[in-house]
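**Student:** First the structure, then my questions, so here it is.
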Ligand SMILES: [Zn+2]
């Protein structure tokens, strides 16, 4: 059997080039239910995120209470080992100069403990559980956005050790930065340039084009569509993108979060069934918090299954090689959802 020739593709949002180089060895078998891993217990007395150990975490920033049970459903705490700090340190650790610029890593670094249960996959959560996690995302985004030093916020989840999770208990993180990362700034510039030239929204136009095409479509719930990107950075990467304009993330209504949680659950279920429950990263992308950038693109999600590690080529030139074409991964993911439409 002859494989299609490798192809260079461009991610329209970021301008990044990727190489799609199909390889038969990457093709997984027919999708089935996720493998039965040894399930961790639902409560671990040694876990700092489990109920009963609340005093072992860093400062609690918020909680969504379970009033009837006198307990909590979602808790937000400061990261014990933060990459970003809220206050300016007493003494600057570095003496920056022109050739070695440096500044304090101002910002916020928070942990969202998604559930009191020690083991609970996102895709196994009920609608109202996942909705509560996303509403905690929304509340913490709003709190970070209200801090005028914050220029950019990212919400993300590392699931499993290949995705760099260090604690088993289900949790997400928020990082708020006092600067706009270069990759994000480039996306804003591309979106603004597209709007100047066409009057349209780069991401929304892209989604409409993909919906009309259909080959990379995975699932849909309300205003959100799950699809594999034309130029993925990782095999079986999935985007959860809106089909219509959205408000800023902190202004998203409850119904919108519910639609997002359903689409996310469909996509994660497809990934788990098609790829034997891989570790993954989930990222909620929002534009930078600057008036000229906020309309650059609506918030959207990205799921990156972690099965292949970066090699010298990727690390050396920043160009990813993907061995499963996104058309093929979308077909696998759609097949994996057959028979579980009841979600
Ligand atoms: Zn725990």
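**Student:** Residue 321 is checked against (1) under 22 Å from residue 183 (Cα atoms); (2) out of contact with any helix residue (DSSP H, G or I) (no Cβ under 8 Å at 6 or more places or on another chain) and fails just one. What number does that condition carry?
**Tutor:** Exception for residue 321: condition (2).
**Student:** Moving to a separate point now. Just one of (1) modelled with pLDDT under 95; (2) touching a helix residue (DSSP H, G or I) at 6+ places or on another chain (Cβ under 9 Å) trips up residue 66, so point out which.
**Tutor:** (2)
**Student:** Please name all residue pairs, on different chains or six or more residues apart, with Cβ atoms under 7 Å, provided the first residue is in region 117-131 and is over 18 Å from residue 72 (Cα atoms) and the second residue is more than 16 Å from the ligand (Cβ to nearest atom).
**Tutor:** 123/265; 123/268; 123/269; 123/272
**Student:** Of the residues in region 161-171, how many are within 21 Å of residue 285 (Cβ to Cβ) and either in contact with a helix residue (DSSP H, G or I) (Cβ under 7 Å, 6 or more places away or on another chain) or away from the ligand (no atom under 15 Å from the Cβ) (or both)?
**Tutor:** Matching residues across region 161-171 total 2.
**Student:** Give the residues of region 142-158 that are closer than 24 Å to residue 13 by Cα and not in a loop (DSSP other than H, G, I, E, B), sorted by residue number.
**Tutor:** Matches in region 142-158: 145, 152, 153, 154, 155, 156, 157, 158.
**Student:** Same structure, new question: Could you check region 159-209 and list, in sequence order, the residues that are modelled with pLDDT of 95 or more, part of a strand (DSSP E or B) and within 30 Å of residue 41 (Cα to Cα)?
**Tutor:** Correct list: 171, 172, 173, 174, 175.
**Student:** I need a count of the residues in region 93-137 that are away from the ligand (no atom under 16 Å from the Cβ) and either within 19 Å of residue 167 (Cα to Cα) or in a helix (DSSP H, G or I) (or both).
**Tutor:** 12
**Student:** Condition check: touching a strand residue (DSSP E or B) at 6+ places or on another chain (Cβ under 8 Å) and assigned to a strand (DSSP E or B). Does residue 297 satisfy that?
**Tutor:** Values: touching a strand residue (DSSP E or B) at 6+ places or on another chain (Cβ under 8 Å): yes; assigned to a strand (DSSP E or B): no.
No: the conditions fail for residue 297.
**Student:** Go through region 249-268 and give me each residue that's over 18 Å from residue 128 (Cα atoms), touching a residue at least 60 places away in the same chain (Cβ under 8 Å) and over 15 Å from the mean Cα position of the chain (by Cα).
**Tutor:** So in region 249-268, the residues over 18 Å from residue 128 (Cα atoms) come out as 249-251.
Imposing the further condition that a residue be touching a residue at least 60 places away in the same chain (Cβ under 8 Å) reduces the set to 249-250.
Within region 249-268, just 250 meets the criteria.
**Student:** What residue, of 271, 215, is within 19 Å of residue 331 (Cβ to Cβ), touching a residue at least 24 places away in the same chain (Cβ under 8 Å) and crowded, with 19+ Cβ neighbours inside 10 Å?
**Tutor:** Working: 215 fails: crowded, with 19+ Cβ neighbours inside 10 Å.
Going through 271, 215 in turn, just one is within 19 Å of residue 331 (Cβ to Cβ), touching a residue at least 24 places away in the same chain (Cβ under 8 Å) and crowded, with 19+ Cβ neighbours inside 10 Å: 271.
**Student:** Need pairs with beta-carbon distance below 7 Å; first residue within 9 Å of the ligand (Cβ to nearest atom) and within region 27-53, second modelled with pLDDT of 95 or more and not in a loop (DSSP other than H, G, I, E, B); sequence gap 6+ or separate chains.
**Tutor:** 49/113; 49/171
**Student:** Please tell me if residue 171 is closer than 24 Å to residue 276 by Cβ, buried (at least 18 other Cβ atoms within 10 Å of the Cβ) and touching a strand residue (DSSP E or B) at 6+ places or on another chain (Cβ under 7 Å).
**Tutor:** Details: closer than 24 Å to residue 276 by Cβ: yes; buried (at least 18 other Cβ atoms within 10 Å of the Cβ): yes; touching a strand residue (DSSP E or B) at 6+ places or on another chain (Cβ under 7 Å): yes.
It is true that residue 171 is closer than 24 Å to residue 276 by Cβ, buried (at least 18 other Cβ atoms within 10 Å of the Cβ) and touching a strand residue (DSSP E or B) at 6+ places or on another chain (Cβ under 7 Å).
**Student:** Among the residues of region 54-63, count how many are touching a strand residue (DSSP E or B) at 6+ places or on another chain (Cβ under 8 Å) and more than 14 Å from the ligand (Cβ to nearest atom). Steps first, answer last, please.
**Tutor:** At the first step, the residues of region 54-63 found to be touching a strand residue (DSSP E or B) at 6+ places or on another chain (Cβ under 8 Å) are 54, 57-63.
Next, from what is left, pick out any that are more than 14 Å from the ligand (Cβ to nearest atom): 58-63.
Here the count works out to 6.
The values are calculated or read from the model by the stated rules, or taken from the named source; none is laboratory data. Fair warning: this is a prediction, and the values are worked out from it, not measured in the lab. Positions of Cβ are generated from backbone atoms using ideal geometry, with glycine treated the same way; all protein chains shown enter the neighbour counts.
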